[in-house]
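Read through the structure below, which is laid out as structure tokens, and then see the notes.
Values quoted throughout were computed directly from the atomic coordinates according to the rules given, and no laboratory measurement underlies them. All of these numbers come straight from a predicted model, not from anything done at the bench. Here the Cβ is made from the backbone with ideal geometry for all residues, glycine too, and neighbour counts use every protein chain on show.
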Amino acid sequence: MQPSTFAKKTKIAFFSTQSYDKTFFENRNADFAFSLHFFESQLNALTVELIQDETVVCVFVNDIVNAQVIESLANKKVKIIALRCAGFNNVDLDAAKKHGIHVCRVPSYSPEAVAEHAMAMILTLNRKTHKAYNRVREQNFSLNGLLGFDLHGKTIGIIGTGNIGKAFAKIAKGFGCKVLAFDVVVDPEMEKDGVIFTNLNSLFQEADIISLHCPLNEKTKHLINENSLSLMKENIMIINTSRGGLIQTSDVIEALKKGKVGYLGIDVYEQEEKLFFKDLSDDIIQDDEIQRLMSFPNVLVTAHQAFFTKEALTQIALTTLGNIETLLHSNKLENKMAFLA
Ligand code: NAD
């Protein structure tokens, strides 16, 4: 692609930048020639002041893009908010519309990356490979405490059958699982592939493993709570690679203490913005709920890494810069899923 003259003048401020963001975006920018400015800080009401003359901001999952921040962005003449992720629950779209700021995202980059991580969490929790790895290194070759179960023949319930849920369903089918699904839209292709769409309560009652792949919104907030947990089988496995707010953490902690939840794998956490993507190994963590979660032997926490593959990062950089380039020349994106405001 030939970099346009307009693009050459456009400055983009990146927030919550990690070294790998810089590497992948600088590589892809060879095709665009934007001026990229990287800030390590999260975007919020204070750090918005870092913006000088950039007209585009590029944000990630834990940046705070509420009405107050958007008003400051508008005052600074920012024209585009480009999310370098799929989820957009952290952006006040109404406020962006009010100020005429475009918002775009990367609706699909590598659904397989996230789906494969969800399966990795299931396999780790079930077959306890993390414990076996440490055990044999200490010359402990005992199998006590490592007992797992066959995935083959078990029922997996998928909530949200978009890009990631669909990719995960294929993997689960490959393992010989019965796959139940709930979504606000039934996918006939998935039905042809043997996925059984059902209502939410039946999925809660029948599944041995539940994997969450729906977005966080007012309807899905705290979907996993005391009530839904009470419908589930004893020893249920719950996997969340979607958004932390789907789970009411205190209710899951109670269910883990009672043994109702037998396994919990979370790549996302409701209060993750204070923790994830940072090395806090010398700090005293003030969040008692995450500390309690991490104390359970049957809980696996990863720090929002499901998306983190080379293929996904390459595609994220390419789509994000492509979205910006297109929006600079027109008022919307052809890809309706990418264009939010
Ligand atoms: P998608 O938009 O392709 O699919 C979401 C699906 O959820 C859609 O089919 C939609 O109809 C369905 N849905 C909406 N409301 C629902 C409801 N109330 N109940 C049930 N289903 C509902 O999105 P995707 O690319 O599959 O991503 C899913 C989620 O995964 C994103 O919202 C994002 O939060 C999360 N995600 C996490 C990571 C990570 O690294 N952990 C990476 C990418 C995406």
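What residues qualify as long-range amide H neighbours of residue 103, i.e. H under 5 Å apart, gap of 5 or more or another chain, H built at 1.01 Å from N?
For residue 103, the qualifying residues are 81, 340, 341.
Only sites in a loop by DSSP and with at most 14 other Cβ atoms within 10 Å count here; which GluC sites (Glu not before Pro) in the stretch 245-341 make the cut? Walk me through the intermediate numbers first.
Working: sites: 254, 270, 272, 273, 289, 311, 325, 334; in loops: 270, 334.
Listed in order of number, the matching sites are 334.
Just add up the charged neighbours of residue 341: K/R +1, D/E -1, any other residue whose Cβ is under 13 Å from the Cβ of residue 341.
+4
Report, in cubic angstrom per residue, the convex hull volume of the C-alpha atoms of the stretch 111-301. Numbers along the way, then the final one.
On the way: hull volume 24.8 nm³, N = 191.
Spread over its residues, the Cα hull of the stretch 111-301 gives 130 Å³ apiece.
Report the label-to-label distance for residue 336 and residue 221 in nanometres (one decimal), using points 7 Å from each Cα along the Cα→Cβ vector.
Each label point is offset 7 Å from its Cα along the Cβ direction, giving 2.7 nm.
Have a look at the stretch 90-162 and give its Rg and Dmax from the Cα atoms, expressed in angstrom.
Cα only, the stretch 90-162: 21.0, 63 Å (Rg, Dmax).
With angles folded into 0 to 90 degrees, how steeply does helix 310-329 sit against the dominant principal axis of the chain? Use alpha carbons for both and round to 10.
Helix 310-329 sits at roughly 30 degrees to that axis.
Using the C-alpha gyration tensor of the stretch 20-128, what are the square roots of 5 times its eigenvalues, in whole angstrom, with the largest one first?
Semi-axis lengths for the stretch 20-128 are 30, 18, 13 Å.
I need 243, 28, 137, 84 ordered by Cβ neighbour count within 10 Å, fewest first.
Starting with the residue having the fewest Cβ neighbours, the order is 137, 28, 243, 84.
How much length would be gained if the chain were fully extended between residue 77 and residue 26, taking 0.36 nm per residue of separation minus their Cα-Cα distance, in nm to one decimal? Intermediate results must be reported in sequence, preceding the final value.
Details: separation 51, 0.36 × 51 = 18.36 nm, distance 2.42 nm.
Taking 0.36 nm per residue and subtracting the Cα distance, the gain is 15.9 nm.
At most 15 other Cβ atoms within 10 Å and a DSSP loop assignment: could you name the GluC sites (Glu not before Pro) in the stretch 1-108 that fit?
Listed in order of number, the matching sites are 40.
So for the chain, what are the equivalent ellipsoid semi-axes in whole Å, largest first, each being the square root of 5 times an eigenvalue of the Cα gyration tensor?
The equivalent ellipsoid of the chain has semi-axes of 37, 22, 20 Å.
GluC sites (Glu not before Pro), restricted to the stretch 104-203: which are DSSP loop and have at most 14 other Cβ atoms within 10 Å?
138
Cα extents of the stretch 140-219 along the three principal axes, largest first, in whole Å?
For the stretch 140-219, the Cα extents along the three principal axes come out at 49, 31, 23 Å.
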